[in-house]
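The values are calculated or read from the model by the stated rules, or taken from the named source; none is laboratory data. All of these numbers come straight from a predicted model, not from anything done at the bench. In this analysis, Cβ positions are derived from the backbone assuming ideal geometry, glycine residues included, and neighbour counts consider all displayed protein chains.
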Amino acid sequence: MALSDAGLPSFTAMPVLGRGKGHGDLEKPESADPELRELISEMPRLKSKRMITLVVTDDKKDLAVETIIKANQSGKSGDGKIFVIEAEDSIRVRTGETGDSTLD
C-alpha cells in the first residue's frame, strides 16, 4: 500500500523463507512432545519473509528506498535489506517498447 500511495504501483511481492545473520530462533518449543523435541534441529530456522522486486527510473530511486524504509523500519533485527542494482534496460513484451518509458 505504501508504494502505491507514493506513486510506485508496479512491483512484485513474493513470499520467501530466509534468515539474517541473527540466525533466527534457536529455542525448541517447550510445548512440543519430548520425543519430537529431540528431532527438532538446533540449526537456525528459516523464517517467513517477503521479497519485493521494484524497478524504477533513477529519479524515483530515492523515493522508493525512503518509502520502503518508512513502511518497514521497526528498529529491530529483521527489518530487512534493500539492494539497489542498476538495470541495463527494460522491454515491454507486448509492444517491444524499451527504456524508462516502460516503467511508468
Of the listed residues (ILE69, ILE85), the one being within 13 Å of the chain's Cα centre (by Cα), at pLDDT 90 or above and among the β-branched types (Val, Ile, Thr) is ILE69
Out of the residues in region 65-80 meeting the condition of being free of Cβ contacts under 8 Å to residues at least 24 places away in the same chain and within 24 Å of ASP5 (Cα to Cα), tell me which one is surrounded by the fewest Cβ atoms within 10 Å (Cβ to Cβ). GLY75
Any chance SER77 is modelled with pLDDT under 95 and either more than 27 Å from LYS21 (Cα to Cα) or touching a strand residue (DSSP E or B) at 6+ places or on another chain (Cβ under 7 Å) (or both): no
Could you give every pair whose Cβ atoms fall below 8 Å, whose first residue belongs to region 8-20 and is within 19 Å of THR57 (Cα to Cα), and whose second residue is basic (Lys, Arg) and at pLDDT 95 or above, counting only separations of at least 6 or pairs across chains? LEU8/LYS60
Considering (1) at pLDDT 90 or above; (2) touching a Lys or Arg at 6+ places or on another chain (Cβ under 9 Å), say which one HIS23 fails and leave the rest. (1)
Please find, within region 91-101, the residue that is surrounded by the fewest Cβ atoms within 10 Å (Cβ to Cβ) out of those that are at pLDDT 95 or above and of a type in the set (Ser, Thr, Tyr). THR95
Between LEU54, LEU36, which is surrounded by 10 or more Cβ atoms within 10 Å (Cβ to Cβ), of a type in the set (A, V, I, L, M, F, W, C) and modelled with pLDDT of 80 or more? LEU54
